[in-house]
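**Student:** Structure in structure tokens, see below.
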Amino acid sequence: MRAAPFADSSDPLDQLQSILPDGVPAWAVVAGVGVLLLIVLLLLVRKLWRALFGRAKESDAWDRELDVNLDECPLPTRPVGQRQLTVYHQPARLRLVVVAGVGREATIDATAVEKLLDKVVPGLGAAAQTDRPRVRVWPPQMSHHGFTAAFHRHTRKAAGRGEPSRWVLLAGRAQAGRQPVMVGLGLWADEPNTIDRVNLEQHQWLDVLRLVPV
């Protein structure tokens, strides 16, 4: 005779077996439920992993498109014009220009970057026209701190911080007339120096960059 449900046994398997049809072992039911729960758990973990890190990977892939190989930025082939560009009073040439609008809806006309530079520092557009630097227009930026960090992260150079180098990298917010912009410049100084990387506020560009008569 079959035992009554939940007979005097305290073993959960015995209690489960007592309510199962004949020929169905309790351990098989427990194992099946355990496998099912494990599959559900793995699916949830997989979904959570994709939500947390899948977007990060996509973001990293997009972010890598901003990388600039400084060695591939063109060296000026034309002689200096009527005025020499200087950075902290050291003669230099433009090899890289990165610009970005400020705010989600801000846009920059890639064909008018030289005019924009002239509004940041009078004469800088003419220097860019002579030096023919690489010009990159980045997506709109929400934070000047984020822009400067990204600019320096994506413009790596062989010389470490504090080591003499002809590269001088400037980045920060600027004012192009009434339009706020983010600007990053890669300058090639005539002589190695330790200026390295400098972040600028909008009122500092005219002090750091100057164009002097040759």
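**Student:** For region 130-144, give me the residue count where each residue is assigned to a helix (DSSP H, G or I) and at pLDDT 95 or above.
**Tutor:** Of region 130-144, the ones assigned to a helix (DSSP H, G or I) are 130-131, 144.
Of the ones still in play, those that are also at pLDDT 95 or above are 130-131.
Number of matching residues: 2.
**Student:** For region 186-204, what are the residues that are aliphatic (A, V, I, L, M) and out of contact with any Phe, Trp or Tyr (no Cβ under 9 Å at 6 or more places or on another chain)? Even if it seems obvious, please write down each step before you answer.
**Tutor:** Step one: of region 186-204, the residues aliphatic (A, V, I, L, M) are 187, 189, 195, 198, 200.
If the condition is that a residue be aliphatic (A, V, I, L, M) and out of contact with any Phe, Trp or Tyr (no Cβ under 9 Å at 6 or more places or on another chain), then Leu200 is the only one that fits.
**Student:** Please tell me if Ala159 is at pLDDT below 95 and buried (at least 17 other Cβ atoms within 10 Å of the Cβ). Steps first, answer last, please.
**Tutor:** Numbers: at pLDDT below 95: yes; buried (at least 17 other Cβ atoms within 10 Å of the Cβ): no.
Taking the combined requirement at face value, the residue does not satisfy it.
**Student:** Okay, moving on. In region 96-111, is there at least one residue being under 22 Å from Trp167 (Cβ atoms), under 27 Å from the mean Cα position of the chain (by Cα) and acidic (Asp, Glu)?
**Tutor:** Just the residues of region 96-111 that are under 22 Å from Trp167 (Cβ atoms), to begin with: 96-100.
With the extra rule that they be under 27 Å from the mean Cα position of the chain (by Cα), the set shrinks to 96-100.
Imposing the further condition that a residue be acidic (Asp, Glu) reduces the set to none.
No, every residue in region 96-111 fails to be under 22 Å from Trp167 (Cβ atoms), under 27 Å from the mean Cα position of the chain (by Cα) and acidic (Asp, Glu).
**Student:** Continuing with the same structure: Can you spot a residue in region 100-111 that is assigned to a helix (DSSP H, G or I) and not small (Gly, Ala, Ser)?
**Tutor:** Going through region 100-111, the residues assigned to a helix (DSSP H, G or I) turn out to be 110-111.
Narrowing further to those that are not small (Gly, Ala, Ser): 111.
Scanning region 100-111, I find at least one residue that is assigned to a helix (DSSP H, G or I) and not small (Gly, Ala, Ser), so the answer is yes.
**Student:** I've got another one for you. At pLDDT 95 or above, closer than 16 Å to Leu96 by Cα and part of a strand (DSSP E or B) - does that describe any residue in region 199-214?
**Tutor:** The answer is yes; a qualifying residue exists.
**Student:** Mind checking which pairs have a first residue in region 154-177 that is over 24 Å from His144 (Cβ atoms) and a second that is of a type in the set (A, V, I, L, M), Cβ under 8 Å, 6 or more apart or different chains?
**Tutor:** Ser165/Ala158; Ser165/Ala159; Arg166/Ala189
The values are calculated or read from the model by the stated rules, or taken from the named source; none is laboratory data. Keep in mind that this is a model prediction, so the values were computed, not measured. Don't worry about glycine lacking a Cβ; one is built from the backbone with ideal geometry, like all the others, and counts go over all protein chains shown.
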